Amino acid sequence: MNEKIRPFNLAVLVYMSQVGIVVFTLPRTLADYFGTNGWLILIPCFLLSGFNIYLISLVYKLGNGRSVFEIMEQSIPKPLLYPFYMGLTAVWMMFGCVIGKKYVLLFQMLAFPTTNPMLFKLMFDILAFMLITKGIYTISRAATMFFWITAWMYLLLLWVLPDFNWVRLTPFILQGGHNQFKGLLEVYGAFLGYEISILLFPYIDRRKKMMAAIQAGNAYLSVSYINLGLVSFGIFSSDQLKQLLYPLLDILAYIQFPFVERLENLLYGFFMFLVLMTVVMYWWGAVETAGRIVPRLKRQVLAFVLLAITYGISFLPKTIDEIDAWISFLGNITTGVAFGLPVLLITVLLIQKKGEKSGG
Amino acid sequence: MAEQHERLSLEHILHEFEDCADLTRRNFPEIGADIVYFSHTVDNLLLINQVLDPLSALQRKKELEQLLRESQFVRVTDSKTAVTGILEGGVAVFAADTVHLIDVYGPEARSVSESETESIIAGPHDAFVESATTNISLIRRRIRSSHLKVIHCSVGEISKTDVYILYIKDIANLAYVQDLQQRIERIETDAINDGGMLSQYLEDKQTSVFPQFLTTERPDVSSSKLVSGKILVLIDNSPTSISAPASFFEFFSSSDDYYERWVLGTALRLVRYVALIITLTFTALYVAVTTFHYEMIPEALLLTLAESRNRVPFPPVYEALLMEFTIELLREAGARLPTKVGQTIGIVGGIVIGQAAVQAGLTSNILIISVASSAIASFVIPNYLMSASLRVIRFGIIILAGIWGNMGLVIAIAVIVIHLCSLSSLGASYLVPVAPMRGRDWKDVFIRAPFSLLLTRPTQNRTPNPIRQKNRK
């Protein structure tokens with residue numbers, strides 16, 4: 001059957017590939033770098049990511065929905081292109097890998113201090129492998145299922161609302177922060193993930209408003225981040241947030257029911273679905289890119305080899321601090337790719353159009 | 001040609017059916033005719049009225065020739081057709097050098113009765129029987145339309161079982177009909193004995209644990225599926241019909257939902273989805289919590305739980321697997337035994353796992369509650385095949401929860417979801433209307449909205465005529 005990704009599913013896919021491990025530390029990062037009412041910084045980040053998506057939609061329009069690989073391969077010679085593809089593959093594979101490793105390390109810290117985290121990582125990678133080898137349509141279906149399985153968790157914020165106090169927000173805006181450029185990069189990392197949608201052009205339904213769907217996914221993410229930011233600043237205040245390692249876990253641990261309490265490790269488990277989708281989308285993008293270099297190699301084999309390599313590398317960072325350093329380093333490169341790739345493609349497309357005009 | 005003519009003789013047919021003691025042969029010496037048939041596949045009344053009486057009344061060969069010219073007698077020239085005709089309930093009439101077949105098919109069949117596996121409270125109680133023609137008549141009685149089409153195929157290299165594909169023209173998607181027909185024709189096996197078996201041959205992924213087509217014994221369900229644009233497959237000698245394409249969520253609706261008020265129907269559907277969650281996760285959650293996450297239990301409950309578990313010498317995962325296995329044993333034993341003996345199993349099982357196991361210190365009270373609720377919840381799911389699949393999967397979830405606690409539970413859910421996402425039914429997603437999202441269908445999947453809102457047919461069926469009901473009130 002000629003299946004195409006529909007707008008709702010694309011929006012969900014984009015949202016799911018954006019929301020990930022950063023959500024646990026986001027309120028602290030906001031408070032730490034930007035001080036009082038740091039959550040406001042999410043608004044310019046939202047606008048910036050919206051602009052980046054606009055660049056992606058320009059590529060879609062100028063290229064008439066062609067695959068980005070086709071666009072590049074038409075104009076750029078392969079000896080130049082292949083190292084670029086390899087770079088993209090490496091960045092996306094490693095970024096996905098460290099996100100997965102951080103999730104696993106956090107879980108180990110929460111519930112299984114004596115278990116080797118690489119065992120969990122192996123299980124996590126097997127799940128990701130299962131999804132990647134089944135293709136983008138299955139990934140998109142899984143994203144939609146996981147979206148509904150996790151969507152109800154926002155209602156949990158209602159539980160802590162009685163403890164929300166406007167006073168804690170203070171009337172001051174962005175006071176008490178430091179190194180705001182670094183902070184901005186770090187916060188912007190929470191929005192990353194939408195850039196993979198640039199690879200989805202051949203798989204989406206051209207008749208529908210797909211670019212609006214990507215924007216909608218990003219907007220939904222931003223609204224939920226702003227909600228989370230606002231609620232955490234209103235519950236903890238910016239000074240207390242600076243002291244908390246993982247404010248979201250503290251919020252979750254606060255929830256109690258008559259028959260069950262300390263839900264954070266069960267709910268943390270549910271976050272696996274979100275992290276898994278983020279990682280899967282990066283890895284899917286990487287496998288697609290690597291597939292252009294070795295088109296004859298079966299995707300399953302390619303995915304297996306790439307995953308095995310990154311699994312090997314993921315033994316290197318051992319502590320959460322090390323992982324954080326890797327994440328922020330790779331996150332900065334990924335941000336560069338998120339802006340650079342569409343700009344490069346637009347340039348290539350404009351040159352192609354010019355060539356066509358002068359040729360015709 | 002000469003060889004073929006020679007082969008189609010009475011001797012040849014008798015040779016073909018050599019050692020078939022159930023074959024009946026009768027001779028009419030006055031007119032030089034012989035008839036051959038299987039007495040158990042023919043309708044006796046028809047046989048007397050259409051064959052025996054007319055032939056006995058004849059005196060001369062010429063009259064026989066005249067009789068055989070009537071349209072119910074079909075001339076056959078090759079032996080294969082004659083053999084198949086006899087096997088399919090025909091009578092072969094051998095006269096001089098010609099052979100004719102007359103169809104008087106009418107085997108013994110169970111009369112239409114209630115379904116034992118899919119009982120409902122409100123609504124029609126009749127169920128399919130083992131005769132496909134009777135089953136088609138039950139459908140035709142409900143859908144009196146010339147648009148209801150029936151395609152005949154046969155499966156089984158040896159059994160040559162009749163299979164019928166039913167669909168409503170202009171409502172069903174013909175691409176699905178063709179696909180299904182091709183899949184049926186491609187089957188090469190000795191024999192297929194039941195609809196449940198046939199559906200496994202037709203599925204997109206035969207290795208999956210989940211049934212990918214909906215099977216039912218109820219004619220009212222089958223005809224409502226047909227009207228919604230699905231395709232129905234009936235196989236002779238089986239009361240099970242297959243409807244395709246199917247979605248995972250379809251297995252959680254029952255025909256009562258439509259016969260009762262919408263509020264009740266909606267409540268029941270929600271109860272079934274809660275049952276799905278309970279049957280899959282409740283015991284596993286118990287294992288996860290009592291093995292790794294004691295902190296999740298509030299203090300008041302913790303004391304009761306600790307007291308209940310203090311005599312149990314096994315880790316929770318063994319305890320849970322032991323009890324789940326016992327329940328499965330009881331269920332299987334109860335299903336195999338006659339109803340009267342089955343009651344004994346219920347009582348023995350109730351005492352053994354309810355009381356004695358706890359007193360003997362083999363298991364805790366709370367586990368019994370959780371295992372029993374999981375078992376009860378699994379029986380709430382209306383489709384037997386789906387509920388059986390879920391019960392099997394549950395063991396895997398319990399084991400994973402025993403190894404990695406809550407994380408194991410979540411990993412198990414992820415594996416199930418990923419597997420479900422990769423399934424399709426006749427090429428259409430198995431998770432419609434959730435993935436891909438079809439919001440319009442939700443009002444007849446997760447709830448049962450009032451009929452005034454159920455205006456369209458399900459999108460999964462890709463029907464050319466999606467409007468079901470025009471008048472909005």
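The values are calculated or read from the model by the stated rules, or taken from the named source; none is laboratory data. Everything numeric here is computed off the predicted structure, so don't read it as measured data. Cβ coordinates were reconstructed from backbone atoms using ideal geometry, including for glycine residues, and neighbour counts include every protein chain displayed.
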Practice item. Can you confirm whether the range A:192-206 contains a residue that is touching a strand residue (DSSP E or B) at 6+ places or on another chain (Cβ under 8 Å), within 14 Å of chain B (Cβ to nearest Cβ) and surrounded by 21 or more Cβ atoms within 10 Å (Cβ to Cβ)? Key: yes
Check your understanding: If we scan the range A:193-203, do we find a residue that is of a type in the set (Gly, Ala, Ser), out of contact with any helix residue (DSSP H, G or I) (no Cβ under 7 Å at 6 or more places or on another chain) and in a helix (DSSP H, G or I)?
Key -> no
Exercise for review: Confirm whether A:Ser237 is under 15 Å from A:Pro27 (Cβ atoms), part of a helix (DSSP H, G or I) and either modelled with pLDDT of 90 or more or not aliphatic (A, V, I, L, M) (or both).
Suggested key: yes
Revision key, fill the gap. Within the range B:378-424, of all residues that are among the polar types (S, T, N, Q) and either free of Cβ contacts under 8 Å to residues at least 12 places away in the same chain or more than 9 Å from chain A (Cβ to nearest Cβ) (or both), the one surrounded by the most Cβ atoms within 10 Å (Cβ to Cβ) is B:Ser378
Review point. B:Arg144: over 19 Å from the mean Cα position of the chain (by Cα), outside the structural domain of B:Asp43 (by TED's automatic domain parsing) and among the basic types (Lys, Arg), yes or no?
Key: yes
Check your understanding: Does B:Ile136 satisfy being in contact (Cβ under 8 Å) with a residue 24 or more places away in the chain and part of a helix (DSSP H, G or I)?
Key -> yes
Practice item. Name the residue, out of A:Ile226, A:Ile255, A:Ile214, that is buried (at least 21 other Cβ atoms within 10 Å of the Cβ), touching a helix residue (DSSP H, G or I) at 6+ places or on another chain (Cβ under 9 Å) and of a type in the set (A, V, I, L, M). Key: A:Ile214
Practice item. Output yes when any residue across the range B:305-312 is within 12 Å of another protein chain (Cβ to nearest Cβ), surrounded by fewer than 21 Cβ atoms within 10 Å (Cβ to Cβ) and either farther than 26 Å from A:Ala253 by Cβ or out of contact with any Gly (no Cβ under 8 Å at 6 or more places or on another chain) (or both), and no when none is. Key: yes
**Study point:** Enumeration of residues in the range B:280-296 that are in contact with a Lys or Arg (Cβ under 8 Å, 6 or more places away or on another chain), facing another protein chain (nearest Cβ under 9 Å) and touching a residue at least 40 places away in the same chain (Cβ under 8 Å)
**Key:** B:His293
Review point. Within the range B:438-453, how many residues turn out to be away from every other protein chain (no Cβ under 11 Å) and touching a Lys or Arg at 6+ places or on another chain (Cβ under 7 Å)?
Key: 5
Point to revise | Residues satisfying the stated conditions in the range B:142-167, i.e. without any contact (Cβ under 8 Å) to a residue 24 or more places away in the chain and among the polar types (S, T, N, Q) | key: B:Ser145, B:Ser146, B:Ser154
Exercise for review: Would you please name the residue that is nearest to the other protein chains (Cβ to nearest Cβ), looking only at residues in the range A:261-285 that are over 14 Å from the mean Cα position of the chain (by Cα) and hydrophobic (A, V, I, L, M, F, W, C)?
Suggested key: A:Leu266
Exercise for review: Look at the range A:121-154 and say how many of its residues are facing another protein chain (nearest Cβ under 7 Å) and free of Cβ contacts under 8 Å to residues at least 60 places away in the same chain.
Suggested key: 6
Practice item. Check the range B:425-437 and report whether any residue there is in contact (Cβ under 8 Å) with a residue 40 or more places away in the chain and away from chain A (no Cβ under 13 Å). Key: no
**Study point:** Hits in the range B:139-166 - residues which are in a loop (DSSP other than H, G, I, E, B) and surrounded by 15 or more Cβ atoms within 10 Å (Cβ to Cβ)
**Key:** B:Ile143, B:Gly156, B:Ser159
**Study point:** Among (1) without any contact (Cβ under 8 Å) to a residue 60 or more places away in the chain; (2) out of contact with any helix residue (DSSP H, G or I) (no Cβ under 7 Å at 6 or more places or on another chain), the one test that B:Thr456 misses
**Key:** (2)
Exercise for review: Can you give me the ranges of the helices (runs of 4 or more DSSP H) entirely in the range A:1-100 with at least 2 residues that are surrounded by fewer than 21 Cβ atoms within 10 Å (Cβ to Cβ), of a type outside the set (D, E, K, R) and touching a residue at least 40 places away in the same chain (Cβ under 8 Å)?
Suggested key: A:7-18, A:42-62, A:68-75
Exercise for review: Among the residues of the range B:110-126, write down those that are over 12 Å from B:Pro239 (Cα atoms) and without any contact (Cβ under 8 Å) to a residue 40 or more places away in the chain.
Suggested key: B:Ser119, B:His125
**Study point:** Hits in the range A:105-118 (condition: of a type outside the set (S, T, N, Q) and facing chain B (nearest Cβ under 9 Å))
**Key:** A:Phe107, A:Ala111, A:Phe112
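Quick grid of which residues meet (1) closer than 24 Å to A:Met277 by Cα; (2) in contact with a Cys (Cβ under 6 Å, 6 or more places away or on another chain); (3) not charged (D, E, K, R):
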{"site": "A:Ile5", "(1), (2), (3)": "yes, no, yes"}
{"site": "A:Arg28", "(1), (2), (3)": "yes, no, no"}
{"site": "A:Gly35", "(1), (2), (3)": "no, no, yes"}
{"site": "A:Leu42", "(1), (2), (3)": "yes, no, yes"}
{"site": "A:Ser49", "(1), (2), (3)": "yes, no, yes"}
{"site": "A:Glu70", "(1), (2), (3)": "no, no, no"}
Exercise for review: Could you list, in sequence order, all residues of the range B:26-53 that are at pLDDT 90 or above, in contact with a helix residue (DSSP H, G or I) (Cβ under 7 Å, 6 or more places away or on another chain) and not hydrophobic (A, V, I, L, M, F, W, C)?
Suggested key: B:Asp34, B:Tyr37
Check your understanding: If a residue has to be surrounded by 12 or more Cβ atoms within 10 Å (Cβ to Cβ), closer than 25 Å to B:Thr133 by Cα, free of Cβ contacts under 8 Å to residues at least 40 places away in the same chain and not aliphatic (A, V, I, L, M) to count, how many in the range B:45-74 make the cut?
Key -> 3
Practice item. Would you kindly identify the strands (runs of 3 or more DSSP E) lying entirely within the range B:181-300 that contain at least 1 residues that are closer than 23 Å to B:Leu431 by Cα, in the same structural domain as B:Glu319 (by TED's automatic domain parsing) and out of contact with any Phe, Trp or Tyr (no Cβ under 9 Å at 6 or more places or on another chain)? Key: none
